[in-house]
Amino acid sequence: MSVPRSQTLCEMSDSEDDDIPQLSSHTLAALQEFYAEQKQSINPGEGDKYSVGVIEENWQLSQFWYSQDTALRLAQEAIDAAGEGGRIACVSAPSVYQKLRELRREDISVYIFEYDRRFAIYGDEFIFYDYNNPRELPERVTAQSFDIVVADPPYLSEECLRKTSETIQFLTRGKILLCTGAIMEEQAAQLLGVKMCKFIPEHSRNLANEFRCYTNYDSGLDREA
């Protein structure tokens with residue numbers, strides 16, 4: 001006697017289901033927590049979206065966030081340098097942008113120039129920026145329209161600093177706050193006329209390369225904290 005096709009398929013399906021490994025409740029809970037964290041890192045809540053580190057570092061993009069204390073010190077320096085009603089550009093320096101916004105200062109304007117489109121959550125204040133095309137900026141970004149530019153070129157190379165410097169010089173009305181490796185001191189002076197400050201920036205993770213701050217004006221970073 002032949003077996004009906006429907007019965008055969010049903011028995012095969014039951015057999016296949018038995019072969020599929022079943023996740024434990026603990027593993028499922030861990031997976032759910034992981035996916036929730038990933039979603040949070042991409043789309044953080046309104047209340048904490050300006051917290052430094054809420055968007056995780058992407059080492060493939062050479063992203064290393066400042067420590068909370070360093071981000072605060074640099075943000076305060078930018079505010080003092082820009083003055084009341086000042087405009088601040090953060091070029092490849094998202095930690096400083098986030099800290100500036102976290103301070104909730106209504107008397108300044110601040111924009112983030114960044115390659116990583118995750119930072120587009122900041123709306124009109126996000127401006128896509130690729131240092132390989134230093135002058136490829138939206139029309140709404142006009143020359144010499146910022147009182148200070150805070151910049152942290154993503155790579156410790158002469159090419160990256162040179163191209164980022166072109167953007168800095170286009171944006172700034174004069175003041176520059178540059179953060180980069182100590183090994184870039186000579187090139188930074190030649191390209192931007194900046195001098196190394198006493199203040200030593202720190203990152204949330206220890207880096208192999210010594211980092212320093214440079215300015216082209218009389219800076220509070222040259223005074224003791």
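The values are calculated or read from the model by the stated rules, or taken from the named source; none is laboratory data. Note that this is a predicted model, so its numbers are computed, not measured. Every residue, glycine as well, gets a Cβ built from its backbone with ideal geometry; the counts of neighbours run over all protein chains shown. Areas reflect the complete protein model, heavy atoms only, side chains present, ligands, DNA and RNA absent. Shrake-Rupley method; radii C 1.70, N 1.55, O 1.52, S 1.80 Å.
Take the range 179-194 and flag every residue that is farther than 15 Å from A151 by Cα and of a type in the set (D, E).
E186
Report, by residue number, each residue of the range 85-139 that is open to solvent by 60 Å² or more (accessible area, probe 1.4 Å), of a type outside the set (K, R) and part of a helix (DSSP H, G or I).
E102, D124
Could you list all residues from the range 61-84 that are in contact with an Asp or Glu (Cβ under 8 Å, 6 or more places away or on another chain), part of a helix (DSSP H, G or I) and modelled with pLDDT under 95?
L61, D69, T70
Looking at V149 and the list (1) under 25 Å from D222 (Cβ atoms); (2) in contact with a strand residue (DSSP E or B) (Cβ under 6 Å, 6 or more places away or on another chain); (3) surrounded by fewer than 22 Cβ atoms within 10 Å (Cβ to Cβ); (4) of a type outside the set (G, A, S), which single condition is not satisfied?
(3)
Going by what's in this entry, would L171 be described as of a type in the set (A, V, I, L, M), more than 20 Å from R73 (Cβ to Cβ) and open to solvent by less than 60 Å² (accessible area, probe 1.4 Å)? Steps first, answer last, please.
On the way: of a type in the set (A, V, I, L, M): yes; more than 20 Å from R73 (Cβ to Cβ): yes; open to solvent by less than 60 Å² (accessible area, probe 1.4 Å): yes.
Taking the combined requirement at face value, the residue satisfies it.
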